[in-house]
Amino acid sequence: MKFLSTRGKSETDSSYEAILRGLADDGGLYVPEKLGKIDITSEEIDSFEYVDYAKKVISSIFDDMDREALFHEIDEAYKTFEPEILPIKKIDDVYVMELFHGQTYAFKDFAMSLLPRLVSLSLKKKNIDKKILILTATSGDTGSAALYGFKGVENTEIIVFYPTKGISEIQRRQMVTIDGENTHAVAVKGNFDDAQSALKEIFNDGEFKKYLEEKNYLLSSANSINIGRLVPQIVYYFYSYFQLVKDGEIERGERVSVSVPTGNFGNILAAYLAKKMGLPLGDLICGSNKNNILTDFINTGIYDINRQFHTTNSPSMDILISSNLERFLYYELNEDTEYVDALMKDLKTEGKYVLPKEKINGIYGYCYDDEKTLEEISAVYEKFGYLVDTHSAIATKSAAEYIKDQGGKVLAAATASPFKFAESIAKALSIDYEDEISAIDVVEEKTGIKADDNFKNLLRKEVTQKIEIEKDGIRDVIKEILF
Ligand SMILES: *Cc1c(COP(=O)(O)O)cnc(C)c1O
């Protein structure tokens, strides 16, 4: 498969190249030249496991990859999920996809378990005799998912930079206890922006990149614009839909809408692509927190980042620029790359772009503040004895509100384990707790719902990552770690 840039001035000759490059040279994002339809037969519905859907969907886009090698990597990647890859729970007319049974208990594991393997495979197939160095700044789930995903993967080395301020204790512990040979987590004094801007400088430093290349390292990042992160996410919509067919919950061909708690627009875009590939999905329901730039965009056609940024209890959705929205624009504007390019220029120069509202279709936006989010957690627990985390609560509430307005059935994405945000759960259920970690125990006690043993063990693991630096020390620490 060839991949084309959303801005029209770059393309790749292969899937391997798109995965290794990440971002297109013209600043755009790669999209496959064609999106074929996926046909799932009745026999396949009966016999398919999760990895069978993964093989079918992923190989239809990465169709030029070595099939046997790709299938092997898919088998290996999803072995880490337990006890089941993707359980689906029903609450009223909402089907909750529990996307948090991977190693770091958030949905990013679905992509991060496979992407590193695809990177390594791509290096091999392109005969590149270098190692990939992944540098990522994180304030949340991306860092730990990336560390676990890259751990032990051949010819890769990963360093995650996390801020000392504004990161949750659970997320911090997931990173500082990582024990791979090729995995490193470094604390940067300050907040996320400090870590992020220091790292950006490195990516723009040609001389430092050249220095690394001489030492046999190619620089890359693990953020969600890489097509290799997006494609594995399309799979769970196919799997979930046909699981509902198999269980007799829906008729084959019946439209089911999808509700997704959205940050960078990657997860919901995967649903959009699944629909383009023929899956009978209905509307897309985009849930946001108080950072409701997407809700405004969907309702008015105006995307305007000149607004206050809010820190909320669903931190993985605290975002003003949703990078993957660019791919949505590309398709909604009928692949008019000049139009996309012009909008992205407006965004860069004015922090804003305007699209005629009628150009955006089939998508609904809802937003809820912290208080409403906690109310939803409490309401779902009271009514169904079921716990949703703060992000997932926004998805279930958006789904319920959509059903009230439009009717039908909805698949809602639960993107993190409730125990990852135990403090908010305790608050929502009015349970006293001392700190973030002890909140896990009191929530278990009060609700009788148990956190995964592995999750609790992870929090007790020995701290292996102890480096803390000032933000101007990033270059030095990279050299120290690598050489
Ligand atoms: C990353 C993340 C999101 C947002 O997903 P996007 O693909 O960036 O829209 C939502 N919930 C959780 C728990 C996440 O980690």
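The values are calculated or read from the model by the stated rules, or taken from the named source; none is laboratory data. None of these values were measured; they are calculated from a predicted model. Neighbour counts are summed over all protein chains in view; Cβ atoms, including those assigned to glycine, are modelled from backbone coordinates with ideal geometry. In case anyone asks, the SASA skips ligands and DNA or RNA and just uses the protein heavy atoms, side chains included. Shrake-Rupley method; radii C 1.70, N 1.55, O 1.52, S 1.80 Å.
Filtered by the rule that a residue be hydrophobic (A, V, I, L, M, F, W, C) and open to solvent by 10 Å² or more (accessible area, probe 1.4 Å), the range 95-118 gives Phe100, Phe107. For the range 310-350: of the residues being more than 16 Å from the ligand (Cβ to nearest atom) and hydrophobic (A, V, I, L, M, F, W, C), which is surrounded by the fewest Cβ atoms within 10 Å (Cβ to Cβ)? Within the range 310-350, the match that is surrounded by the fewest Cβ atoms within 10 Å (Cβ to Cβ) is Ala342.
Selection of the range 138-155 for residues being crowded, with 22+ Cβ neighbours inside 10 Å, away from the ligand (no atom under 16 Å from the Cβ) and not in a helix (DSSP H, G or I) yields only Val153. Being touching a residue at least 60 places away in the same chain (Cβ under 8 Å), within 16 Å of the ligand (Cβ to nearest atom) and crowded, with 21+ Cβ neighbours inside 10 Å is a description that applies to Ser224. Checking every residue in the range 258-277 against the condition of being within 16 Å of the ligand (Cβ to nearest atom), assigned to a helix (DSSP H, G or I) and among the aromatic types (Phe, Trp, Tyr) gives at least one match. The condition of being modelled with pLDDT of 95 or more, outside any helix (DSSP H, G or I) and within 15 Å of the ligand (Cβ to nearest atom) holds for only one of Ala395, Ala413, that being Ala413. Restricting Glu358, Glu382, Glu371 to those that are closer than 21 Å to Gly263 by Cβ, open to solvent by 10 Å² or more (accessible area, probe 1.4 Å) and away from the ligand (no atom under 16 Å from the Cβ) reduces the list to Glu371. Ser430 meets all of the listed conditions (1) outside any helix (DSSP H, G or I); (2) among the hydroxyl-bearing types (Ser, Thr, Tyr); (3) in contact (Cβ under 8 Å) with a residue 60 or more places away in the chain but one, namely (3).
Looking across the range 138-153, the residues that are farther than 16 Å from Arg229 by Cβ and modelled with pLDDT of 95 or more come down to Lys151, Gly152.
Contact map, the range 247-268: first residue without any contact (Cβ under 8 Å) to a residue 40 or more places away in the chain and open to solvent by 10 Å² or more (accessible area, probe 1.4 Å), second residue away from the ligand (no atom under 16 Å from the Cβ) and part of a loop (DSSP other than H, G, I, E, B), Cβ cut-off under 6 Å, separation 6 or more or different chains; pairs are Gly253/Pro280. You will find that of Arg460, Arg475, the residue that is out of contact with any strand residue (DSSP E or B) (no Cβ under 9 Å at 6 or more places or on another chain), without any contact (Cβ under 8 Å) to a residue 12 or more places away in the chain and either within 16 Å of the ligand (Cβ to nearest atom) or open to solvent by 30 Å² or more (accessible area, probe 1.4 Å) (or both) is Arg460 and no other.
Highlighted here are the helices (runs of 4 or more DSSP H) found entirely within the range 1-100 that include at least 1 residues which are in contact with a Phe, Trp or Tyr (Cβ under 6 Å, 6 or more places away or on another chain): 15-21, 42-47, 50-61.
Would you be able to tell me the number of residues in the range 279-309 that are under 19 Å from Leu343 (Cβ atoms), away from the ligand (no atom under 15 Å from the Cβ) and open to solvent by 10 Å² or more (accessible area, probe 1.4 Å)? Qualifying residue count for the region: 8. Just one of the listed residues (Thr396, Thr415) is closer than 22 Å to Thr142 by Cβ, hydroxyl-bearing (Ser, Thr, Tyr) and either open to solvent by less than 10 Å² (accessible area, probe 1.4 Å) or under 22 Å from the mean Cα position of the chain (by Cα) (or both), namely Thr415. Inside the range 24-59, residues that are surrounded by fewer than 18 Cβ atoms within 10 Å (Cβ to Cβ) and under 30 Å from Glu338 (Cα atoms) make up a count of 10. As a summary of the residue check, Lys276 satisfies the conditions (1) under 30 Å from Ala54 (Cβ atoms); (2) buried (at least 16 other Cβ atoms within 10 Å of the Cβ); (3) not β-branched (Val, Ile, Thr) except for the one numbered (2). The residue pairs whose first member lies in the range 47-58 and is at positive phi, whose second member is modelled with pLDDT under 95, and whose beta carbons are closer than 7 Å, counting only pairs six or more residues apart or on different chains, do not exist in this structure.
Selection of first residues in the range 386-408 that are over 16 Å from Leu374 (Cβ atoms) and of second residues that are open to solvent by 10 Å² or more (accessible area, probe 1.4 Å) and modelled with pLDDT under 95, restricted to Cβ pairs under 7 Å at least 6 apart or on distinct chains, gives the following pairs, ordered by first then second residue: Ile403/Asp93. Among the conditions (1) farther than 19 Å from Leu482 by Cα; (2) surrounded by fewer than 24 Cβ atoms within 10 Å (Cβ to Cβ); (3) at pLDDT 90 or above, Asp129 misses just one, which is (1). The number of residues in the range 308-330 that are out of contact with any helix residue (DSSP H, G or I) (no Cβ under 7 Å at 6 or more places or on another chain) and either farther than 24 Å from Val31 by Cα or part of a helix (DSSP H, G or I) (or both) comes to 7.
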